[in-house]
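Scroll down for the structure; my scribbles are underneath it.
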Amino acid sequence: MVWRLTDLHSHTPMQQSLLWQIQHSQHDWTSYVFGTMHVKNDRFFEQLERVYQAIDSCHFFAAEYDFHDQTDVADPSVFRLPEGRTLQDYLTDKRYRKLQRILRKAFQVDLDHVQHILPLFVVNLITQQILDQNQSVSLDEHLWQYALKQGKEGVGVEKLSEQTKILQQIPIEEQVNMLRKIGKNVSNFRQQLLHTAEVYQSGDITKLYQMTKKSTGKMRKVLLYRRNKIMAMRIQEWHKQQSVCAAIGAAHLAGGKGVLRYLKQQGFRMQPIALDVRK
């Protein structure tokens, strides 16, 4: 069965899969799109057999960015506040010390040790404390490594330089507010993150998109909509050359401006693939 465009917003179990098969009438081959999370917890590495099979059947493997591209990672300024600035410059001393105590107690993250880092990356450190880090690499990098071992050509849907530009569009004050919100309600942040992880494991891409859309607020156009269109265009271009298995953040899949919708508008037929392998 091939799902219609309107089916992408309904709620049957099959339609909530993280893995989608895509085909186009102008080409004989089949490509795939898989939704990932940038996590290292064991439970996210379960039920990957169908994903491995999709990678095996394709010529290209496309991660959200090219893991070979280390140019921006080598530049520490990408992760740091502007020269001469620290996190304390964006908070009163009283608020800084209170936030420091809360985050140290709840997540073992000491702001004095990360005060030169962009707040968004501090949030990422906190996230890692909540979701156990059992694996040596993240899920998306694991799939990248698997693809290369199978002799596949690895490419990036986005360039690190493009992701850096996106990061630079998020005002530092807004990033600081993200940290403050965590400090104001630690248990709520923990519960929301764990709930997001549960939604991801269930494969409910529509709900995951809705949650991400809400959490990104005014930045959803920068963080979601624009990137979705670019991702879809690049997947389409690769598919014109040969089959591709693209692994991108799961929140980019669904929605009226999601990657699946854009691909559908370009004439692709798509079918959700169940991840559990029944023997």
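As a summary of the residue check, E64 satisfies the conditions (1) touching a helix residue (DSSP H, G or I) at 6+ places or on another chain (Cβ under 7 Å); (2) in a helix (DSSP H, G or I) except for the one numbered (2).
When Y200 is tested against (1) open to solvent by 20 Å² or more (accessible area, probe 1.4 Å); (2) closer than 17 Å to G35 by Cβ; (3) aromatic (F, W, Y), exactly one condition is not met: (1).
G256 passes every criterion in (1) buried (at least 16 other Cβ atoms within 10 Å of the Cβ); (2) assigned to a loop (DSSP other than H, G, I, E, B) apart from (1). Taking helices (runs of 4 or more DSSP H) as the structural unit, those lying wholly within the stretch 67-153 and holding at least 3 residues that are touching a residue at least 60 places away in the same chain (Cβ under 8 Å), aliphatic (A, V, I, L, M) and crowded, with 17+ Cβ neighbours inside 10 Å correspond to 93-107, 139-149.
Residue-level check: of (1) more than 23 Å from F45 (Cβ to Cβ); (2) of a type in the set (S, T, N, Q); (3) open to solvent by 80 Å² or more (accessible area, probe 1.4 Å), N188 misses just (3).
Among the residues of the stretch 154-185, the ones that are without any contact (Cβ under 8 Å) to a residue 40 or more places away in the chain and closer than 17 Å to V33 by Cα come to 0 in all.
All told, E158 meets the bar of being open to solvent by less than 50 Å² (accessible area, probe 1.4 Å), of a type outside the set (A, V, I, L, M, F, W, C) and either modelled with pLDDT of 95 or more or over 17 Å from L125 (Cα atoms) (or both).
The values are calculated or read from the model by the stated rules, or taken from the named source; none is laboratory data. Only a predicted model underlies this, so the values are computations on that prediction, with no experimental measurement involved. Don't worry about glycine lacking a Cβ; one is built from the backbone with ideal geometry, like all the others, and counts go over all protein chains shown. Ligands, DNA and RNA are excluded from the accessible area calculation, which covers all protein heavy atoms including side chains. Shrake-Rupley method; radii C 1.70, N 1.55, O 1.52, S 1.80 Å.
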